[in-house]
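The values are calculated or read from the model by the stated rules, or taken from the named source; none is laboratory data. All values derive from a computational prediction rather than experimental measurement. Cβ placement follows ideal geometry from the backbone for every residue including glycine, while neighbour counts extend to all protein chains displayed.
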Amino acid sequence: MVVKSFEAVPAEIYSGDDASFPFTIENVGESTATGVMIKFYGLGTDWENLPKEPESAGNLEGANPSENIAGESYSGEFTATSPSGLKTDNTYTACIRVSYGYETYAEGKIKVYKKDYLDSLPVERAKAIRRSSGIESFKVSNAPVKVSLMGLARPIIIEGDKTVTRKLSFKIENVGQGGNYWGDEKDRKVIITAHVGEHECFKDEEVKLSRRGTATVSCSFNIDGSEIENYETVPVKVTLEYKYFIDSCTSIKVLKSPE
């Protein structure tokens, strides 16, 4: 989500005049922004007719980059009356806070080999495989909170029909211009759900993330050797659910009352 425009119209007014603050927001990510609310704040209590309630934009559909389709946008306007009887010119700051629910999703593949299969390969080829990353691919949707797959530096190698246990780590990072909490900085919950193959690695696991921070969470999973023939890639799917906000501010100059 971005604020495409937010300004005071006009940028200069006389004391006691009304001011308009039009805005346009756009969902530039790939998920649907749910429960979008726009709150107007920042002007002092000497202003009159200030908006008392946030404005609802409902749900805004996300972008589809593969088909070159932009995300849904929403435009609105707040109004307020500037302080009357000013003896000097003053410049004020007005802001909007756009808050919404959002989702990051990611899909990837990890590599699993049978030991007997590797032993059957030319030595140099087998060495190259053993030294390669255990992650074949990992793609993340465009969103303000990202997730990275870690903790699998080498492919999983299984001997015979044994079951092996491995651990995956996920780094969660706020890369947007806002925060993943609404108002209360103590509420920084990101809900992570992850599957490795058909098995749940996480189910609604909660992590907290600071506005410019990262968090790392890990989980264990099993791979059954009896289900693997020579070599396979096992799918990994991750979903992050969270609340997010962005702020945007503008200035307006209020000229003293004309004599």
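If the condition is being hydroxyl-bearing (Ser, Thr, Tyr) and more than 30 Å from Ala33 (Cβ to Cβ), then the range 196-252 contributes Ser220, Ser226, Tyr231, Thr233. Scanning the range 233-258 for residues that are under 30 Å from Asp161 (Cβ atoms) and surrounded by 18 or more Cβ atoms within 10 Å (Cβ to Cβ) returns Val234, Val236, Val238.
Would it be correct to say that Glu103 is part of a loop (DSSP other than H, G, I, E, B), touching a residue at least 12 places away in the same chain (Cβ under 8 Å) and of a type in the set (D, E, K, R)?
Values: part of a loop (DSSP other than H, G, I, E, B): no; touching a residue at least 12 places away in the same chain (Cβ under 8 Å): yes; of a type in the set (D, E, K, R): yes.
For Glu103, the condition - part of a loop (DSSP other than H, G, I, E, B), touching a residue at least 12 places away in the same chain (Cβ under 8 Å) and of a type in the set (D, E, K, R) - is not met.
For (1) among the hydroxyl-bearing types (Ser, Thr, Tyr); (2) more than 26 Å from Val207 (Cα to Cα); (3) at pLDDT 95 or above; (4) not assigned by TED's automatic domain parsing to the domain that holds Phe221, each residue gets a yes or a no:
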position	(1), (2), (3), (4)
Glu77	no, yes, yes, yes
Lys87	no, yes, no, yes
Gly108	no, no, yes, no
Lys111	no, yes, yes, no
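Only strands (runs of 3 or more DSSP E) whose full extent lies in the range 122-162 are considered here, and the ones with at least 3 residues that are of a type in the set (Val, Ile, Thr) are 156-158.
Within the range 49-64, the set of residues being of a type in the set (Asp, Glu) and surrounded by 13 or more Cβ atoms within 10 Å (Cβ to Cβ) comprises Glu55, Glu61.
Residues that are over 14 Å from the mean Cα position of the chain (by Cα) and under 27 Å from Leu43 (Cα atoms) do occur in the range 186-203, at least one of them. Scanning the range 37-66 for residues that are more than 28 Å from the chain's Cα centre (by Cα) and not in a loop (DSSP other than H, G, I, E, B) yields one hit, Glu48.
For (1) of a type outside the set (A, V, I, L, M); (2) under 30 Å from His195 (Cβ atoms); (3) in contact (Cβ under 8 Å) with a residue 60 or more places away in the chain, each residue gets a yes or a no:
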residue	(1), (2), (3)
Val2	no, no, yes
Ser5	yes, no, no
Phe21	yes, no, yes
Ala33	no, yes, yes
Lys39	yes, no, yes
Ser56	yes, no, no
Phe78	yes, no, no
Ala94	no, no, yes
